[in-house]
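Throughout, read-outs are computed from the coordinates displayed, never taken from laboratory work. No experiment lies behind these values; they were computed from the predicted model shown. Because the Cβ atoms are built from the backbone with ideal geometry, glycine has one as well, and the counts that use them run over all protein chains shown.
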Amino acid sequence: MTASVKTLPAPAKLNLCLYVGPVREDGLHEIRSLFEPLELADELVVAEAQSDTVICEGVPAPDLTARALAALRAHGWNGPSLRIEVRKRVPVAAGLGGGSADAAAVLRLARGEVEGLRAIAAEIGADVPSQLQPRPSLVAGAGEVIEPFAPPAEHGVVLIPQREGLSTAEVYAEADRIGVTRGESELEAIRRRLRDAVDEGGSPLAYREHLVNDLQPAAISMRPEIEKALEALAEAGAAHTMVTGSGPTAFGLFPTEEEARTAADGLRTAFPDVLATVPLVQ
């Protein structure tokens with residue numbers, strides 16, 4: 001790496017669906033999900049420095065970015081000392097994987113220089129492995145089993161985050177309490193159906209019957225105002241509405257980017273933090 005400043009994108013990811021299974025021996029839940037990277041992204045400004053420093057305003061230290069850099073050092077990466085400033089664009093604790101994306105962007109700095117980046121990523125967080133190479137993916141395990149699929153057809157996304165995030169661990173605990181988890185055989189059947197759906201290509205709106213989030217009831221029980229956001233998205237013309245990840249962000253899918261941006265403009269008075277974006281195409 002040269003002494004020049006680099007700006008690295010860290011794309012948010014949308015859970016087009018999230019099916020939750022039993023708790024594994026490591027304490028994580030089995031999942032089946034479709035991940036879609038978005039153009040909405042944090043920016044990491046990276047420059048050489050006298051010592052490693054990570055700045056991420058609004059996120060308590062040590063955040064996942066700092067953990068990723070420390071993990072690279074622990075695994076023998078001898079790149080230059082770095083100053084990394086994370087410019088947040090992705091809402092924090094919103095179910096959009098912003099912290100995982102930031103960590104993955106740091107790990108990419110050592111690609112080809114440190115072996116086992118995916119294993120290192122999994123140690124940092126369940127969503128980090130899928131963000132090492134942001135692309136549409138069918139995800140299994142706790143997030144470490146990744147099957148890429150072809151980019152979908154055009155569609156737009158409108159996001160309504162909440163001012164206060166939700167703890168992923170607390171949402172999963174509430175899901176366990178209310179009993180929404182599925183058995184392993186059902187999860188495998190779901191994986192096959194999802195694979196068939198994405199192999200046919202097209203927009204996610206072509207297989208909306210599979211766009212289910214098992215964590216949604218738990219997230220809504222902990223943050224009832226999510227329902228108002230979902231209702232507003234439907235009234236604005238969204239063809240499908242759901243909570244992404246562990247929430248509390250509600251999203252709506254629209255057939256085109258133009259329709260999504262028009263809807264977001266109409267929602268901005270009631271929801272000032274509304275965002276319109278599209279899938280990331282690389």
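Things to note:
- Per-residue ³J(HN,Hα) for segment 36-49, Karplus 6.51 cos²θ - 1.76 cosθ + 1.60, θ = phi - 60°, Hz, x for Gly and Pro: 10, x, 10, 5, 4, 8, 6, 10, 10, 9, 10, 9, 5, 8
- Across segment 6-277, the relative contact order, built from alpha-carbon pairs under 8 Å that are at least six residues apart, equals 23 percent.
- Value of D in µm² per second that Stokes-Einstein yields for segment 202-258, Kirkwood Rh from Cα pairs, at 25 °C (0.890 mPa s): 209
- Label point at Q282 placed 7 Å out along Cα→Cβ; residues across segment 62-77 whose backbone nitrogen lies under 19 Å: 65, 68-69
- Restricting the calculation to Cα atoms, segment 3-82 shows an Rg/Rh of 1.07 when the hydrodynamic-style radius is the Kirkwood one.
- Distribution of pairwise C-alpha distances over the chain, 10 Å bins, in %: 7, 29, 35, 22, 6, 0
- Its DSSP H runs of at least 4 residues, each contributing -39,500 (n - 2.57), put the calculated 222 nm mean residue ellipticity of the chain at -9000 deg cm²/dmol, to the nearest 500.
- Nonlocal amide H pairs with A153, under 5 Å, H built at 1.01 Å: G202, S203
- Linear extension gain, I178 paired with N78, 0.36 nm per residue minus alpha-carbon span: 31.3 nm
- Here segment 105-263 is treated as an ellipsoid with the same Cα gyration tensor; its semi-axes, largest first and in whole Å, are 26, 21, 18.
- Kirkwood-Stokes translational diffusion coefficient of segment 1-146, alpha-carbon pairs, 37 °C, 0.692 mPa s, µm²/s: 212
- Rg(Cα) / (2.2 N^0.38 Å) computed for segment 182-282, rounded to two decimals: 1.18
- With respect to the chain, whose longest principal axis is taken over its alpha-carbon atoms, helix 64-74 is tilted by about 40°.
- In degrees, nearest ten, helix 168-178 long axis to first principal axis of the chain (Cα): 30
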